[in-house]
Amino acid sequence: MDCAMDRDLLGAYVDGELLPGQAAEVAEHLTTCERCSAEADMMLKTVRRLREGLVRDRAPDVLRARIRAALHEERITDAPAPRRVTPFPWRAVAAGLLIAAASSVLTLVATRSGSTPAGNSTIADEVVASHIRSLMPGHLTDVESNDQHNVKPWFNGRLDFSPVVPRLDSLGFPLLGGRLDYIGTRPVAVVIYGRRKHVINVFSWPADSGGDMQPSAVGTRHGYNIIRWKRGGVESWTASDLNADELRQFVELLRAGTPPRRE
(Lines give C-alpha, C1' and ligand atoms only; values in the text may rest on other atoms or scores of the structure.)
Protein backbone atom coordinates (compact mmCIF):
# COMPACT_ATOMS: atom_id res chain seq x y z
CA MET A 1 0.00 0.00 0.00
CA ASP A 2 1.50 3.35 -1.02
CA CYS A 3 1.24 6.56 1.00
CA ALA A 4 -1.17 8.27 -1.41
CA MET A 5 -3.64 5.40 -1.10
CA ASP A 6 -3.14 5.21 2.64
CA ARG A 7 -3.87 8.92 3.20
CA ASP A 8 -7.14 8.48 1.30
CA LEU A 9 -8.07 5.64 3.64
CA LEU A 10 -6.86 7.15 6.92
CA GLY A 11 -10.07 9.00 7.70
CA ALA A 12 -12.20 5.92 7.11
CA TYR A 13 -9.72 3.81 9.08
CA VAL A 14 -9.79 6.08 12.13
CA ASP A 15 -13.61 6.22 11.99
CA GLY A 16 -13.81 2.41 11.84
CA GLU A 17 -15.52 2.43 8.44
CA LEU A 18 -13.17 0.02 6.64
CA LEU A 19 -13.72 -3.68 6.19
CA PRO A 20 -11.61 -5.75 8.63
CA GLY A 21 -9.15 -6.81 5.91
CA GLN A 22 -8.62 -3.23 4.74
CA ALA A 23 -8.24 -2.00 8.32
CA ALA A 24 -5.54 -4.57 9.00
CA GLU A 25 -3.66 -3.58 5.83
CA VAL A 26 -3.74 0.11 6.78
CA ALA A 27 -2.69 -0.66 10.36
CA GLU A 28 0.25 -2.74 9.12
CA HIS A 29 1.32 0.05 6.74
CA LEU A 30 1.31 2.52 9.64
CA THR A 31 3.94 0.45 11.46
CA THR A 32 6.49 1.18 8.71
CA CYS A 33 5.57 4.68 7.45
CA GLU A 34 6.42 7.57 9.79
CA ARG A 35 4.54 10.15 7.73
CA CYS A 36 1.26 8.24 7.66
CA SER A 37 1.76 7.21 11.27
CA ALA A 38 2.03 10.86 12.33
CA GLU A 39 -1.16 11.77 10.42
CA ALA A 40 -3.04 8.83 11.92
CA ASP A 41 -1.76 9.73 15.38
CA MET A 42 -3.14 13.27 15.07
CA MET A 43 -6.51 11.93 13.90
CA LEU A 44 -6.69 9.33 16.67
CA LYS A 45 -5.89 11.90 19.36
CA THR A 46 -8.60 14.20 18.00
CA VAL A 47 -11.15 11.37 17.96
CA ARG A 48 -10.21 10.33 21.50
CA ARG A 49 -10.66 13.89 22.82
CA LEU A 50 -14.05 14.12 21.12
CA ARG A 51 -15.15 10.76 22.51
CA GLU A 52 -14.08 11.69 26.03
CA GLY A 53 -15.62 15.15 26.02
CA LEU A 54 -18.73 14.68 23.91
CA VAL A 55 -22.05 15.02 25.73
CA ARG A 56 -24.58 12.49 24.49
CA ASP A 57 -28.26 13.06 25.18
CA ARG A 58 -31.37 11.01 24.55
CA ALA A 59 -33.63 12.30 21.79
CA PRO A 60 -36.31 14.41 23.53
CA ASP A 61 -39.95 13.36 23.37
CA VAL A 62 -40.91 16.60 21.60
CA LEU A 63 -38.49 15.86 18.76
CA ARG A 64 -39.83 12.34 18.36
CA ALA A 65 -43.41 13.64 18.35
CA ARG A 66 -42.54 16.14 15.61
CA ILE A 67 -40.99 13.39 13.49
CA ARG A 68 -44.08 11.23 13.83
CA ALA A 69 -46.31 14.17 12.96
CA ALA A 70 -44.21 15.04 9.90
CA LEU A 71 -44.22 11.46 8.66
CA HIS A 72 -47.96 10.91 9.11
CA GLU A 73 -49.25 14.27 7.98
CA GLU A 74 -51.58 13.96 5.01
CA ARG A 75 -50.31 15.29 1.72
CA ILE A 76 -52.32 18.29 0.55
CA THR A 77 -53.22 18.26 -3.12
CA ASP A 78 -53.33 21.67 -4.80
CA ALA A 79 -56.30 22.56 -7.00
CA PRO A 80 -55.65 22.38 -10.77
CA ALA A 81 -54.47 25.62 -12.29
CA PRO A 82 -53.78 26.74 -15.86
CA ARG A 83 -50.11 26.91 -15.04
CA ARG A 84 -49.18 24.51 -12.31
CA VAL A 85 -46.03 25.25 -10.36
CA THR A 86 -44.75 22.32 -8.32
CA PRO A 87 -44.33 23.60 -4.78
CA PHE A 88 -41.00 23.04 -3.09
CA PRO A 89 -41.39 20.14 -0.64
CA TRP A 90 -40.62 22.07 2.54
CA ARG A 91 -42.52 19.59 4.68
CA ALA A 92 -40.51 16.66 3.33
CA VAL A 93 -37.26 18.56 3.83
CA ALA A 94 -38.25 19.40 7.39
CA ALA A 95 -39.11 15.79 8.08
CA GLY A 96 -35.79 14.68 6.61
CA LEU A 97 -33.88 17.12 8.78
CA LEU A 98 -35.74 15.93 11.86
CA ILE A 99 -35.01 12.31 11.01
CA ALA A 100 -31.32 13.11 10.46
CA ALA A 101 -31.14 14.92 13.79
CA ALA A 102 -32.82 12.05 15.59
CA SER A 103 -30.56 9.55 13.88
CA SER A 104 -27.49 11.46 15.06
CA VAL A 105 -28.79 11.52 18.62
CA LEU A 106 -29.63 7.83 18.56
CA THR A 107 -26.19 7.03 17.15
CA LEU A 108 -24.62 8.88 20.06
CA VAL A 109 -26.84 7.00 22.49
CA ALA A 110 -25.74 3.70 20.94
CA THR A 111 -22.12 4.80 21.27
CA ARG A 112 -22.67 5.55 24.93
CA SER A 113 -24.11 2.11 25.56
CA GLY A 114 -20.67 0.64 24.89
CA SER A 115 -21.79 -2.40 22.96
CA THR A 116 -19.19 -4.57 21.25
CA PRO A 117 -19.53 -6.04 17.77
CA ALA A 118 -21.97 -8.94 17.74
CA GLY A 119 -19.84 -11.47 15.84
CA ASN A 120 -16.73 -13.05 17.33
CA SER A 121 -15.07 -12.91 13.91
CA THR A 122 -15.53 -9.15 13.83
CA ILE A 123 -14.14 -8.79 17.35
CA ALA A 124 -11.12 -10.90 16.37
CA ASP A 125 -10.44 -8.67 13.36
CA GLU A 126 -10.72 -5.53 15.51
CA VAL A 127 -8.46 -7.01 18.19
CA VAL A 128 -5.79 -7.73 15.57
CA ALA A 129 -6.19 -4.29 13.99
CA SER A 130 -5.74 -2.68 17.43
CA HIS A 131 -2.75 -4.92 18.11
CA ILE A 132 -1.09 -3.91 14.83
CA ARG A 133 -1.88 -0.23 15.47
CA SER A 134 -0.24 -0.49 18.90
CA LEU A 135 3.03 -1.45 17.22
CA MET A 136 3.28 2.03 15.70
CA PRO A 137 5.90 4.17 17.44
CA GLY A 138 4.45 5.74 20.60
CA HIS A 139 1.15 3.82 20.49
CA LEU A 140 1.88 0.75 22.58
CA THR A 141 1.25 2.17 26.07
CA ASP A 142 -0.53 5.07 27.73
CA VAL A 143 1.20 4.19 30.98
CA GLU A 144 4.62 2.55 30.62
CA SER A 145 5.73 0.58 33.68
CA ASN A 146 6.77 -2.90 34.79
CA ASP A 147 5.13 -2.30 38.17
CA GLN A 148 1.53 -3.51 38.54
CA HIS A 149 0.97 -0.91 41.26
CA ASN A 150 1.52 1.80 38.64
CA VAL A 151 -0.40 0.19 35.78
CA LYS A 152 -3.54 -1.00 37.58
CA PRO A 153 -4.41 2.34 39.30
CA TRP A 154 -4.00 4.18 35.99
CA PHE A 155 -7.29 2.66 34.76
CA ASN A 156 -9.27 4.04 37.71
CA GLY A 157 -11.85 6.55 36.46
CA ARG A 158 -11.17 5.71 32.83
CA LEU A 159 -13.21 2.49 32.70
CA ASP A 160 -16.26 1.03 34.43
CA PHE A 161 -14.19 -1.86 35.81
CA SER A 162 -10.66 -2.50 37.07
CA PRO A 163 -8.55 -4.97 35.07
CA VAL A 164 -6.26 -7.37 36.86
CA VAL A 165 -2.55 -6.88 36.25
CA PRO A 166 -0.46 -9.80 37.52
CA ARG A 167 3.33 -9.68 37.27
CA LEU A 168 4.83 -12.54 35.29
CA ASP A 169 8.41 -11.29 35.00
CA SER A 170 9.92 -14.27 36.77
CA LEU A 171 8.11 -16.57 34.33
CA GLY A 172 9.53 -14.86 31.26
CA PHE A 173 6.65 -12.50 30.43
CA PRO A 174 7.57 -9.02 31.74
CA LEU A 175 4.86 -6.40 32.20
CA LEU A 176 5.32 -3.46 29.83
CA GLY A 177 2.38 -1.19 30.71
CA GLY A 178 -1.24 -0.48 29.82
CA ARG A 179 -3.45 1.64 27.62
CA LEU A 180 -7.07 2.48 26.89
CA ASP A 181 -8.33 1.23 23.51
CA TYR A 182 -11.62 0.64 21.71
CA ILE A 183 -13.23 -2.53 20.37
CA GLY A 184 -16.24 -1.44 18.38
CA THR A 185 -17.53 1.55 20.36
CA ARG A 186 -16.68 0.14 23.78
CA PRO A 187 -13.61 1.39 25.68
CA VAL A 188 -11.53 -1.58 26.83
CA ALA A 189 -8.50 -2.13 29.02
CA VAL A 190 -5.32 -3.36 27.39
CA VAL A 191 -2.46 -4.72 29.51
CA ILE A 192 0.78 -5.31 27.61
CA TYR A 193 3.38 -7.98 28.23
CA GLY A 194 6.56 -8.97 26.41
CA ARG A 195 8.27 -12.20 25.45
CA ARG A 196 11.77 -11.75 24.05
CA LYS A 197 11.06 -9.29 21.16
CA HIS A 198 7.37 -10.18 20.92
CA VAL A 199 4.53 -7.97 22.18
CA ILE A 200 1.44 -9.50 23.80
CA ASN A 201 -1.71 -7.36 24.06
CA VAL A 202 -4.37 -8.52 26.55
CA PHE A 203 -7.76 -6.87 25.94
CA SER A 204 -10.48 -7.12 28.59
CA TRP A 205 -13.95 -5.74 29.34
CA PRO A 206 -17.01 -6.78 31.41
CA ALA A 207 -18.69 -9.79 29.81
CA ASP A 208 -22.19 -9.11 28.46
CA SER A 209 -23.57 -12.51 29.47
CA GLY A 210 -22.75 -16.15 30.07
CA GLY A 211 -20.52 -17.94 32.52
CA ASP A 212 -16.81 -18.69 32.49
CA MET A 213 -15.22 -19.96 29.27
CA GLN A 214 -11.95 -21.83 29.02
CA PRO A 215 -9.24 -20.35 26.76
CA SER A 216 -10.05 -21.03 23.14
CA ALA A 217 -7.85 -20.36 20.13
CA VAL A 218 -9.84 -18.10 17.82
CA GLY A 219 -7.36 -18.61 14.99
CA THR A 220 -4.79 -16.57 13.13
CA ARG A 221 -5.32 -13.19 11.50
CA HIS A 222 -2.55 -11.70 9.31
CA GLY A 223 0.02 -13.86 11.09
CA TYR A 224 -1.14 -13.00 14.63
CA ASN A 225 -2.46 -15.64 17.02
CA ILE A 226 -5.60 -14.91 19.06
CA ILE A 227 -6.96 -16.57 22.21
CA ARG A 228 -10.25 -15.74 23.93
CA TRP A 229 -11.61 -16.64 27.37
CA LYS A 230 -14.07 -15.52 30.08
CA ARG A 231 -13.56 -15.59 33.81
CA GLY A 232 -15.21 -13.90 36.78
CA GLY A 233 -17.51 -11.74 34.65
CA VAL A 234 -14.66 -10.45 32.45
CA GLU A 235 -14.12 -11.29 28.78
CA SER A 236 -10.50 -11.33 27.63
CA TRP A 237 -8.77 -11.57 24.26
CA THR A 238 -5.04 -11.70 23.63
CA ALA A 239 -3.17 -11.17 20.37
CA SER A 240 0.50 -11.60 19.49
CA ASP A 241 2.86 -12.86 16.81
CA LEU A 242 4.27 -15.18 19.48
CA ASN A 243 3.92 -18.82 18.46
CA ALA A 244 0.64 -20.47 19.42
CA ASP A 245 2.12 -22.85 22.04
CA GLU A 246 3.91 -20.09 23.97
CA LEU A 247 0.89 -17.79 23.74
CA ARG A 248 -1.33 -20.51 25.24
CA GLN A 249 1.29 -21.02 27.96
CA PHE A 250 1.17 -17.28 28.66
CA VAL A 251 -2.62 -17.33 28.94
CA GLU A 252 -2.52 -20.22 31.42
CA LEU A 253 0.08 -18.39 33.53
CA LEU A 254 -1.96 -15.19 33.32
CA ARG A 255 -5.12 -16.94 34.49
CA ALA A 256 -3.23 -18.73 37.28
CA GLY A 257 -2.07 -15.37 38.61
CA THR A 258 -5.50 -13.79 38.11
CA PRO A 259 -8.14 -14.64 40.74
CA PRO A 260 -11.79 -14.52 39.55
CA ARG A 261 -13.35 -11.11 40.09
CA ARG A 262 -15.72 -11.01 43.06
CA GLU A 263 -19.12 -9.45 42.37
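The values are calculated or read from the model by the stated rules, or taken from the named source; none is laboratory data. Since this is a predicted model, take the numbers as computed values, not measurements. Every residue, glycine as well, gets a Cβ built from its backbone with ideal geometry; the counts of neighbours run over all protein chains shown.
Note on segment 179-196: among residues that are within 17 Å of the chain's Cα centre (by Cα) and of a type in the set (D, E, K, R), the one that is surrounded by the fewest Cβ atoms within 10 Å (Cβ to Cβ) is R186.
For segment 234-250, filtering for residues that are in a helix (DSSP H, G or I) and either outside the structural domain of V199 (by TED's automatic domain parsing) or free of Cβ contacts under 8 Å to residues at least 60 places away in the same chain (or both) leaves 6. Of all residues in segment 124-168, those satisfying the criterion of being exposed (fewer than 14 other Cβ atoms within 10 Å of the Cβ) and in a helix (DSSP H, G or I) are H149, P153.
L254: modelled with pLDDT of 95 or more, farther than 19 Å from I132 by Cβ, surrounded by 14 or more Cβ atoms within 10 Å (Cβ to Cβ) and in contact with a Leu (Cβ under 9 Å, 6 or more places away or on another chain), yes or no? The answer is no for L254.
All conditions but one from (1) modelled with pLDDT under 85; (2) within 30 Å of A217 (Cβ to Cβ); (3) more than 16 Å from the chain's Cα centre (by Cα) apply to K152; the one that does not is (1). Within segment 109-121, is even one residue under 15 Å from the mean Cα position of the chain (by Cα), surrounded by fewer than 16 Cβ atoms within 10 Å (Cβ to Cβ), at pLDDT 90 or above and more than 22 Å from W229 (Cα to Cα)? No. Please find, within segment 180-206, the residue that is farthest from L140 (Cα to Cα) out of those that are basic (K, R) and touching a residue at least 12 places away in the same chain (Cβ under 8 Å). Step by step, filter segment 180-206, then rank; the result is R186.
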